[in-house]
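Every number here is computed from the coordinates shown, using simple stated rules; none is lab data. As the structure is a prediction and not an experimental result, all values here were calculated from the model. A quick note on method: Cβ atoms are made from the backbone with ideal geometry, for glycine too, and the neighbour counts reach across all protein chains shown.
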Amino acid sequence: MIFFDIDRTLLDYDYAEREGILAFFRTNSIFSFTPQQSIETWKQLSEKYFKKFLANEMSFQEQKRARMMDLFKKVEMNLTEQEADDQFEVYLSLYQKNWKVYPDVVEVLNKLKRRNFPLGVISNGDYQQQVKKLERIGVETYFDCVITSSEVGAAKPDKSIFLEACSQIKIAPKSSYYIGDRLETDALGSHLAGMTGIWLNRKNSQQSHPEIITIRSLKELLNILP
């Protein structure tokens with residue numbers, strides 16, 4: 001069984017987030033950030049509140065709302081909860097318009113299917129949104145299962161989410177592979193759960209780990225698998 005991450009592995013998350021937030025700021029003249037400041041500010045808020053969601057300190061909706069309320073406070077505007085929700089929906093529509101698959105994804109998924117590998121997804125995030133991503137970028141039919149932290153109640157790198165995924169499809173972790181873009185969260189997390197963790201290092205980071213296989217394109221996966 002081969003499991004994949006979604007964001008920055010199948011879906012070009014950085015592109016979608018960048019284009020989405022730049023478009024959002026263009027629709028709000030109250031912000032005077034430069035493009036780079038816009039991107040950095042939004043990334044900081046996203047990471048801050050998404051971590052709270054993964055730690056079960058906030059619901060998925062609450063972390064979205066908190067991001068917007070915090071953002072507008074930077075220009076001394078206090079949004080109501082409804083106003084924050086409405087603003088996030090504006091951003092979300094712009095972000096979703098820019099969802100796209102990486103160029104190597106469809107070719108590799110097709111070849112893996114032809115080799116009769118069962119495929120699945122393990123992802124940190126909200127189940128409905130993650131499934132929507134797969135549908136929007138046109139790859140949902142390749143996967144036999146989608147496991148998310150919102151369903152399991154635990155987030156990567158906690159080994160319980162990897163073990164739960166293997167349990168649901170009745171396969172031993174040692175017979176499974178996991179491919180993701182984060183060395184510690186994805187590759188090491190799955191490795192510690194007994195799977196073969198593979199780090200997809202799309203950004204050519206100089207990090208490495210002696211027990212982790214590193215690839216820079218999904219195409220390299222085809223030469224690693226038996």
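How much FRET efficiency would the formula 1/(1 + (r/R0)^6) give for K132 and K170, where r is the Cβ-Cβ distance and R0 is 25 Å, rounded to 0.05?
0.40
Taking K and R as +1 and D and E as -1, what net charge do the other residues with C-beta under 13 Å from the C-beta of T185 add up to?
Every neighbour counted, the sum reads -2.
Enumerate the whole-percent occupancy of each 10 Å bin, from 0 to the last occupied one, for all C-alpha pair distances of the chain.
All Cα pairs, binned at 10 Å, distribute as 8, 31, 35, 19, 7, 1 percent.
Could you pull out which residues in region 64-88 have an amide N less than 12 Å from a spot 7 Å beyond the Cα of K48, following the Cα-Cβ vector?
The answer is 66-75.
Enumerate the calculated ³J(HN,Hα) couplings along region 135-148 in order (Karplus 6.51 cos²θ - 1.76 cosθ + 1.60, θ = phi - 60°), each rounded to whole Hz, writing x wherever the residue is Gly or Pro.
The phi angles translate into 5, 5, 8, x, 10, 4, 6, 6, 9, 7, 7, 10, 10, 10 Hz.
Shape verdict for region 107-226, please, from the Cα gyration tensor: rounded (a/c under 1.5), prolate (a/b greater than b/c) or oblate.
It comes out rounded by the Cα gyration axes.
What share of Cα pairs, in percent, lie more than 23 angstrom apart in region 13-97?
Result: 13 percent of Cα pairs exceed 23 Å.
I need V106, V121 ordered by Cβ neighbour count within 10 Å, fewest first.
Going from sparsest to densest Cβ surroundings: V106, V121.
Please figure out what share of the DSSP beta bridges in the chain is antiparallel and state it in percent, rounded to the nearest 5.
Just about 5 percent of them are antiparallel.
Where in region 57-127 are there GluC sites (Glu not before Pro) that are in a DSSP coil and have at most 15 other Cβ atoms within 10 angstrom of their Cβ?
For GluC sites (Glu not before Pro) across region 57-127 that sit outside H, G, I, E and B with at most 15 neighbouring Cβ atoms in 10 Å, the list reads E57, E76.
Between Q36 and Q207, what length in nm is gained on full extension when 0.36 nm per residue of separation is reduced by their alpha carbon distance?
59.0 nm
Can you check what the net charge comes to around N98, using other residues whose Cβ is under 10 Å from the Cβ of N98 (Lys, Arg +1; Asp, Glu -1)?
Summing Lys/Arg as +1 and Asp/Glu as -1 gives 0.
At a 10 Å Cβ-Cβ cut-off, how would you order I39, I147, I122, fewest neighbours first?
Exposure proxy ranking, most exposed first: I39, I147, I122.
Please compute the net charge surrounding E164, taking Lys and Arg as +1 and Asp and Glu as -1 over other residues with Cβ under 14 Å from its Cβ.
Net charge in that neighbourhood comes out at +1.
Hey, what number do you get for the chain at 222 nm if only DSSP H runs of n ≥ 4 count, each worth -39500 (n - 2.57), divided across all residues, to the nearest 500?
For the chain, the value works out to -14000 deg cm²/dmol.
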